[in-house]
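Enquirer: Quick one: the structure is below, and I'll ask about it shortly.
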Amino acid sequence: MKDLRKERTFVAVKSESIQRNLIGEFISRFERRGLKLIACKMIVPTRDIVGQHYIDSEEWLVSVGEKKIKSMTEKGQKVSESPREIGVRVREALIEQFEGRPLVAMVWQGAHAVKIARKLVGGTEPLTSDVGSIRGDYVLDSYQMSDPDNRAVRNLVHASGSEKEAEAEIYRNLYPIAGEMTYACPEGKSCDKNVSTRTCTDNFIIIRESENAMVYQEEGCVFIEGQGDNLAKMADGFLLKIMGVR
């Protein structure tokens, strides 16, 4: 049975929060709710990393565009673009908001970590976020202010929407692919050496991790990635025997 206390979520404190010296306040809120901070790192994401977060797919672009059109229609605003065109514009604005700007990437652990973090952060629309949430208390921006400037709303912080999304974001932001890679396949399995480890499938499972090294399972194959001593520690025969690889 799954141990709920081990559930993890990814939270990113955005650059505007860093400028306003709000990092400590946000951390305090998560700690007061009983979550445990197990990883924290300041990073400057590249366009490639941000682009993997906001997927360049037809389904995603149209979905985002349709939500935007609904919001604009409810406000009595005229819409002349297609859902896809709006989705492309929104995606570019989001990438520009993150690309090359510092953010604090954090991993929080605890029972129902994903849902608790989302509740603490508040809704995406700052004006309708609950009072007492981070966005409800601290966001000074709104869609009415950001839309004319063709930019993303400055809502201070990001929190993963699901456990699967959290694990993908943790790996993408805190364990970038670098250095050597070894792989091993269970008997009867054929593993593609060129499999994209940045694309998390339904079968993507993080088995064990440490600084600069990770063991994970994807599509029935066990992979070991990392550098130096950490890679050697991860690749010990005992772990592979446990996984049924040897």
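Enquirer: Just name one of HIS112, GLY100, ILE49: the one whose Cα is farthest towards the positive end of the charge dipole of segment 4-170 (beta-carbon charges, Lys/Arg +1, Asp/Glu -1).
Expert: Of the listed residues, the answer is HIS112.
Enquirer: Ranked highest first by average number of other Cβ atoms within 10 Å, how do 147-160, 31-44 line up?
Expert: Descending mean neighbour count gives 147-160, 31-44.
Enquirer: In addition: Can you give me the long-range amide H partners of VAL157? Hydrogens built in the peptide plane at 1.01 Å from N, cutoff under 5 Å, separation of 5 or more residues or another chain.
Expert: Hits under the 5 Å cutoff: LYS14.
Enquirer: So how much slack lies between GLU125 and GLU99, counting 0.36 nm per residue of separation and subtracting their Cα-Cα distance, in nm? Let's see the in-between values first.
Expert: Details: separation 26, 0.36 × 26 = 9.36 nm, distance 2.16 nm.
In short, 7.2 nm is gained.
Enquirer: Charges at C-beta only: +1 for Lys and Arg, -1 for Asp and Glu. How large is the resulting dipole of segment 17-128 about its Cα centre, in Debye rounded to 20? Can you show the working numbers first?
Expert: On the way: 19 positive and 14 negative charges, 127 e Å.
For this selection, approximately 600 debye.
Enquirer: If you take all C-alpha pairs in segment 4-170, what percent of them are over 24 Å apart?
Expert: Here the tail beyond 24 Å accounts for 37 percent of pairs.
Enquirer: While we're here: Quick one: Karplus J couplings for segment 70-86, per residue in order, coefficients 6.51, -1.76, 1.60, θ = phi - 60°, nearest Hz, x for Gly and Pro?
Expert: 4, 5, 5, 5, 5, 8, x, 8, 7, 10, 10, 9, 7, x, 5, 4, 5
Enquirer: Further question on the same structure: Contour minus end-to-end for LYS67 and VAL79, with contour as 0.36 nm per residue of separation and end-to-end as the Cα-Cα distance? Provide the component values of the computation, followed by the final result.
Expert: Values: separation 12, 0.36 × 12 = 4.32 nm, distance 1.22 nm.
Here the answer is 3.1 nm.
Enquirer: Residue by residue through segment 141-153, what is 3J(HN,Hα) from phi via Karplus (6.51 cos²θ - 1.76 cosθ + 1.60, θ = phi - 60°)? Round to whole Hz and write x for glycine and proline.
Expert: After applying 6.51 cos²θ - 1.76 cosθ + 1.60, I find 9, 7, 5, 5, 8, 7, 4, x, 8, 6, 9, 7, 5 Hz.
Enquirer: Using θ = phi - 60° and the Karplus relation 6.51 cos²θ - 1.76 cosθ + 1.60, list the HN-Hα couplings for segment 115-128 in order, rounded to whole Hz, with x at every Gly or Pro.
Expert: With coefficients 6.51, -1.76 and 1.60, one gets 5, 5, 4, 5, 5, 5, 6, x, x, 5, 7, x, 5, 10 Hz.
Readers should treat all values here as calculations from the given coordinates under stated rules, not as data from a laboratory. Just so it is clear, the model here is predicted, and its values are computed rather than measured. With ideal geometry, Cβ positions are generated from the backbone for all residues, glycine too; neighbour counts draw on all protein chains shown.
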